[in-house]
Every structure is written in C-alpha cells, then in structure tokens.
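Please treat every number below as a calculation from the coordinates, not as lab data. Not measured: the values here are computed from a predicted model. Glycine gets a Cβ as well: all are built from the backbone with ideal geometry, and neighbour counts include every protein chain shown.
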Amino acid sequence: MAEVHVHDGESLESALKRFKRKVQEEDIIKEVRRRSFYLKPGERKRTKAALARKRARKKRPRDGEPD
C-alpha cells in the first residue's frame, strides 16, 4: 500500500505529487481495475490472448514501410 509522510515545511501539493508517483510505480490503479469485477478463468484466458495478439500486431512492421 502506498504511503507518503509529509515532511516539515513541505507543501501539500508536493506531497500529493509524490503520492501519485508512488501509486503509479506500484501499479495500484491497474490492480484495482483488474479486481473490480470477477472474470471466469476462460474469459481471462481469452482476454489475455487478445491482448497478446494486439501487442504482436503493433510490433509487426507494415507492408511497404521500411524498418
């Protein structure tokens, strides 16, 4: 769990900025979204495969376009 202590003389804005950065680094938002609803194991597998296909499609160079 992300935790930030406000230092003496530190503004609330800078502490909030540090907190947001820490949350981003720990992928807390991604984890919350993933756990926000239940996916059956088969659905999870299909979703994972679809994301892998999408990544592979992005990596593949287009025809007629130089590398």
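Observations
- Near F19: Cβ cut-off under 14 Å, other residues only, Lys/Arg at +1 and Asp/Glu at -1. The net charge is 0.
- Shown in residue order for the stretch 10-17 are the 3J(HN,Hα) couplings computed by the Karplus curve 6.51 cos²θ - 1.76 cosθ + 1.60 at θ = phi - 60°: 8, 6, 5, 4, 5, 5, 5, 4 Hz (x for Gly and Pro).
- Spin-label pair A2/V23, simplified geometry with 7 Å Cα→Cβ offset, distance in nm: 0.5 nm
- Paired Rg and Dmax values of the chain, which use every Cα atom, in angstrom: 19.7, 60
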